[in-house]
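K.L.:
The structure that follows is given in the form of structure tokens.
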Amino acid sequence: MKKIRIVIVDDHSIFRNGLKAIFEDQEDMEVISEAENGFEFLKILHEMKPDIILMDIKLPEMNGMEATRKALKIYPDLKIIALSMFENSEYLRDMIDAGASGYLLKDVEKEVLIKVINNVFRNDAQYYAPNLLKSLSANTRTVGQNEGIGENNYNLSPREIEVLRLIAKGYSNNEIGERLFISPRTVGGHRNNLLSKMGVKNTASMIGLAIESKLI
């Protein structure tokens, strides 16, 4: 199995060292480089060709959001996961807009971190801290949907709810298809229907609204 090549971008050496110690125990992961700020990260990006970036948000010289936007403009397939101490829905929205594949808090459990990295890289999944998604959803509804929100007021089918719950767990279209015995293309169709019915533009907002509406 191909090793996942990781770069850590954080201005605290103690935290970087703690992360490196975690990945030393993982046979399928390796930290290939680290950076203290966005400028340093962009300089090494061309040489290292990493698979996953663990990106802090508050960085000197160039913050994580700007570094994420610049990196993904050059390498659109790069997977960047924000790893921040800030439980702030505005930061989450900014990172989603920048193209990040995930947003975790720094107190995340080791097992969750490992699982998220694997799913984001190997299954093209997305994962965002549930508490942040819930607060984000309040500001992302389509106009006209602000009233009468209740459990399944979006006319979702039982299958769509099933798919929604698996999306919220971070499963990819392929994984969901395997679990439900349907094709990944069909899963993609359900995902698009969910976005349309719930009046949101991205997976993060969809999950947040589903949490608030007690669908998951």
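The values are calculated or read from the model by the stated rules, or taken from the named source; none is laboratory data. Because the structure is predicted, anything quoted here is derived from the model rather than measured. FYI the Cβ positions are ideal-geometry reconstructions off the backbone, even for glycines, and counts take in every protein chain you see. With ligands, DNA and RNA removed, areas are computed over all heavy atoms of the protein, side chains included. Shrake-Rupley method; radii C 1.70, N 1.55, O 1.52, S 1.80 Å.
K.L.:
Those residues that are within 22 Å of N119 (Cα to Cα), in contact (Cβ under 8 Å) with a residue 24 or more places away in the chain and open to solvent by less than 60 Å² (accessible area, probe 1.4 Å), I need them from the stretch 11-33; list them, please.
P.N.:
L19, I22, Q26, D28, M29, V31, I32, S33
K.L.:
Identify the single condition in (1) outside any helix (DSSP H, G or I); (2) in contact with a His (Cβ under 7 Å, 6 or more places away or on another chain) that V163 does not satisfy, given that it satisfies every other one.
P.N.:
Only one criterion in (1) outside any helix (DSSP H, G or I); (2) in contact with a His (Cβ under 7 Å, 6 or more places away or on another chain) is unmet by V163, namely (1).
K.L.:
Let me ask you something else. Quick one: is D107 part of a helix (DSSP H, G or I), of a type outside the set (V, I, T) and either at positive phi or out of contact with any helix residue (DSSP H, G or I) (no Cβ under 8 Å at 6 or more places or on another chain) (or both)?
P.N.:
Numbers: part of a helix (DSSP H, G or I): no; of a type outside the set (V, I, T): yes; either at positive phi or out of contact with any helix residue (DSSP H, G or I) (no Cβ under 8 Å at 6 or more places or on another chain) (or both): yes.
Answer is no for this residue.
K.L.:
Output the number of residues of the stretch 45-68 satisfying the condition of being open to solvent by 60 Å² or more (accessible area, probe 1.4 Å), under 21 Å from the mean Cα position of the chain (by Cα) and of a type in the set (D, E). First the steps, then the outcome.
P.N.:
Quick first cut of the stretch 45-68, residues open to solvent by 60 Å² or more (accessible area, probe 1.4 Å) only: 46-47, 49, 58, 61, 66.
Filter once more, so that each one left must be under 21 Å from the mean Cα position of the chain (by Cα): 49, 58, 66.
Filter once more, so that each one left must be of a type in the set (D, E): 66.
Counting residues in the stretch 45-68 that are open to solvent by 60 Å² or more (accessible area, probe 1.4 Å), under 21 Å from the mean Cα position of the chain (by Cα) and of a type in the set (D, E) gives 1.
K.L.:
Which one of these is over 30 Å from N174 (Cα atoms), surrounded by fewer than 19 Cβ atoms within 10 Å (Cβ to Cβ) and not charged (D, E, K, R): L42, L72? Give the derivation first.
P.N.:
On the way: L72 fails: over 30 Å from N174 (Cα atoms).
Unique residue meeting the criteria: L42.
K.L.:
Name every residue in the stretch 75-95 that is of a type outside the set (K, R), open to solvent by 20 Å² or more (accessible area, probe 1.4 Å) and assigned to a helix (DSSP H, G or I), in order of residue number.
P.N.:
Listed by number, the residues that qualify are S89, E90, Y91, D94.
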